[in-house]
Structures are given as C-alpha cells and as structure tokens.
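Have a look at the structure below before the remarks.
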Amino acid sequence: MDIREETVSAALKPFDVQNDPLIMAEVERLLGGRTRDIRLKGKISRVFRDRIWSQTAKIIRAWMIWVALLDVLTLALNLLMLPRDVALSMLLPGSFLPPVALGVAFVWRKPRAHWLQAAVLIVGIFLILLSIALVGRSAGGEFYERHLNIMLFVAITAIIIFAIPLSSTITIAGFALALYLVFQLQNPNLEIASSLGATLFFAIGIIATIVARRTMTILAQKTFLLELRDRRRVNQLAEANARLEHLARTDPLTGIANRRWMMETLDQLWSRSRKYSGQVAMLMCDIDDFKNLNDRLGHAEGDRCLIKVAGIIQSHMRRERDHVARYGGEEFLVVLPEMEEREASALAERIRESIEAAALSNPSTSVSNCVTLSIGVAVQALGDSISPEQLQRRADMALYRAKQTGRNRVELHKPGD
C-alpha cells in the first residue's frame, strides 16, 4: 500500500466553506475590524443565513403557533367572561389571526426561496398586528387602548426573538408603529397630540429594541466568523500534521514507506493476528553489487536506480493489502499478509525478473551488466508465537544464502536452516 495515500487521505478532509479563499479572506477582513462594523454580504451572508435557518425557522414556527393558540384561548374566554355584544364584536376581527399565523408557520416548515419566506413573514406579522388592533377598535372603550398596547408588545417580541435580516426587522417595526399611529388617531378618547406623543414614546422603545436586535445579530455573526476561522486553522493544522506524519514515515528518495513505518505496520499486523487464520510472507530484497554501482557511476545514478527498483517492487503489490518499505541503503522489505510459500516465491521471482528486464545499467556487477536483485523469502502462520523480528531474521538468512549462491536469485527459508 502507498503510504502517501494512506496517511494523507485519512487526515485531510475538505471542509466546504473553509476551502473557499474568497470567503476566508472576507472573514479575516471582517474580524480584523471593529465588531460593530461587521456586515455580511454576498456569499458569506448566504452561508450564515443557511447556517442559522433551522433555528430561526423553529423559533418563528413556535411563535406563530403560540400566538394562534393564545388568540383562540382569548376569544373563548371573552365569550365566557365579557358581555355578549362586546365578545361578538371581537370575534370576527380576531378570527383571521390563527389561519394567518399557521400559514406563516407552514411556509417556514422547510427551506424555500429567501425572498418568499421573508415576504410571507412580514405580511403575516402585519395581518396579525392588524387583527389585534381591529379587535380593540371593534370592542371600543378600555379595550381600544389595551389592544393597541398588546399589538406593540407582540411586535416587540417578534423583533427581539426573530433572527432575521435588519431590513425585515425595520419593516415589521414600521408596520407596527404605523398601525399604532393610525388607530390612535381614530381613537375617540384621545386627542391628536396625545396620539402623536404616545406613538413617539413607543417609537423610541422600538428603536432601542431594533438596536438590541442588531447587536445580537452582530454578535451571532462574529461567533460564526470566529468558528469559520477556527475550523480553517484546525484544518490547516491537521493538514500540516498529516504532511509531517507523511514525511516521518516516507523515504524521501523513493517515495515509498520507510523502516519506521514498516515496523509500526508489522506491530499492528501481529496485534491483529488472531483475526486471521492464514499465513504471512516476508521478502527481504537487496540490490546486487550496489556499492560498486555507486562507486563507478556516481550517487546520482545510484539514486535513480533505487527509485526505479522501488517503483518496480511497488507495482507488484496487491493494493490495500501488501506493504513495501525501503529498509536500508539498498534493501527493501516486503510484507505479504495471507500469502503462502508457493505464492510468495512466485511473486518474488516475478519481481526479480522485472528488475532484470528493466536493464538498468550496472557495469560493475559480477552477475550481469545490468542491475539485479537477490531476494530472501520467509513464511509463517500468523497464529505462531514467532515475532516479526524473528521472521525478518529468517528472511535475512534466506537473502544471505541467495547472495552466497550466486546473487540474482530467490531463496526460500526452510525450517532446518
């Protein structure tokens, strides 16, 4: 298995927004300024809106359902407790509030076009406020002023708890104040000056509420920006750690695993040995007369030879199963889980033949005029008590015999050796 794929693919997982350089540049710019100047625009604004949509929708739906229930309950209590003519006068203007509220809740049940949901919410709030005001005007007397105050209270609660764009919040506030002023001017119990004064008083309170809502929104947006930046930094750190881990476990010349990674792999394989009932084969490969090649052709040619040999050995591995590492200067260690002696010997022979067929120049070898490979093979059952170090020594012994008997050959370790 290629260590580059194993290490990097496991640790580097892309994160949608953090991988967009334009968004992250905007995040850094906004966080670099004053908190009160934070304004989300364009794509980052859409990302923030999508992020908070679920929570906002839940709040809006719950608010609408409770307003509808309270209206029904209030109308029922009015029929029981108030004079019949007064209660009946409240019934008609108050009866269209529940379907309006439930209709808004239905539209906010799942994501739809932003402009559509914003328009439905604003129109719905306007109709709800209008219904409350009409109930007060129809009942007259003390109920007139009381219901206008209730209307403003309902508007203020919506402004406070709805995490919606500032433009929608201001529109709702404007509708509430406009309705209050219109109905107060029609109130026979108040003079025009009193109506204007009351409207101005409540306007100041609503403006303060809008400012508070805006502050809450800015803080939520800053938290969102900080989260984006922190996640990106975590991803960058994970990427850096993955690359460092990759460098620590990879041979820098050949690009395959190094000795440290192979030792860790062997330990893991042996620790999981109870799960396997098959055998494991180990090949110790050594380039014949490599020192002479370095001395005669130079280290640059020696490095090229090592890279080529590593690539040829790697090409014979079963993906996701076999492991190869550069074990020493010109030595390569191959581990083949679930492979028997005959298969391991045949694979070793194919590797040897492929190296010889590559015809890499080595005029200083005593075997041939090209690069050759000697391979020692050792196989054992995973259930045996033998350690990976002992199996490696057996492969080394077989490699030594291959060297002693002429090089450019494959030797299998026998139990009697």
In segment 299-311, residue nearest to Glu330 (Cα to Cα) [restricted to those that are aliphatic (A, V, I, L, M) and touching a strand residue (DSSP E or B) at 6+ places or on another chain (Cβ under 9 Å)]
Leu306
Tell me yes or no: at least one residue of segment 50-68 is farther than 19 Å from Ile161 by Cα and either in a helix (DSSP H, G or I) or touching a Ser or Thr at 6+ places or on another chain (Cβ under 7 Å) (or both).
no
Taking segment 234-269 and the residues there that are surrounded by 16 or more Cβ atoms within 10 Å (Cβ to Cβ) and either of a type in the set (Phe, Trp, Tyr) or farther than 30 Å from Met397 by Cβ (or both), the one that is farthest from the chain's Cα centre (by Cα) would be Trp261
For segment 367-391, give me each residue that is over 18 Å from Glu301 (Cβ atoms), open to solvent by 20 Å² or more (accessible area, probe 1.4 Å) and touching a residue at least 40 places away in the same chain (Cβ under 8 Å).
Val379, Ala381, Gly383, Ser387
In this structure, is Leu121 loosely packed, with under 13 Cβ neighbours inside 10 Å and either over 23 Å from Leu185 (Cβ atoms) or modelled with pLDDT of 95 or more (or both)?
no
Residues located in segment 265-292, provided they are free of Cβ contacts under 8 Å to residues at least 12 places away in the same chain, in a helix (DSSP H, G or I) and within 19 Å of Val334 (Cα to Cα)
Gln268, Ser271
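Let's see how each residue does on (1) among the basic types (Lys, Arg); (2) free of Cβ contacts under 8 Å to residues at least 40 places away in the same chain; (3) closer than 19 Å to Met24 by Cβ; (4) open to solvent by 80 Å² or more (accessible area, probe 1.4 Å):
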{"site": "Val182", "(1), (2), (3), (4)": "no, yes, no, no"}
{"site": "Glu191", "(1), (2), (3), (4)": "no, yes, no, yes"}
{"site": "Ser194", "(1), (2), (3), (4)": "no, yes, no, no"}
{"site": "Ala208", "(1), (2), (3), (4)": "no, yes, no, no"}
{"site": "Lys222", "(1), (2), (3), (4)": "yes, no, yes, no"}
{"site": "Arg229", "(1), (2), (3), (4)": "yes, no, yes, no"}
{"site": "Arg232", "(1), (2), (3), (4)": "yes, no, yes, no"}
Given the criteria among the aliphatic types (A, V, I, L, M) and either in contact with an Asp or Glu (Cβ under 8 Å, 6 or more places away or on another chain) or at positive phi (or both), does Ile355 qualify?
no
Could you grab me the full set of residues in segment 300-334 that are assigned to a loop (DSSP other than H, G, I, E, B) and either open to solvent by less than 50 Å² (accessible area, probe 1.4 Å) or aromatic (Phe, Trp, Tyr) (or both)?
His316, Met317, Asp322, Tyr327, Gly328, Gly329
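The values are calculated or read from the model by the stated rules, or taken from the named source; none is laboratory data. These figures come from a predicted structure and were not determined experimentally. In this analysis, Cβ positions are derived from the backbone assuming ideal geometry, glycine residues included, and neighbour counts consider all displayed protein chains. Just so you know, the surface numbers come from the protein's heavy atoms only, side chains and all, with ligands and any DNA or RNA stripped out. Shrake-Rupley method; radii C 1.70, N 1.55, O 1.52, S 1.80 Å.
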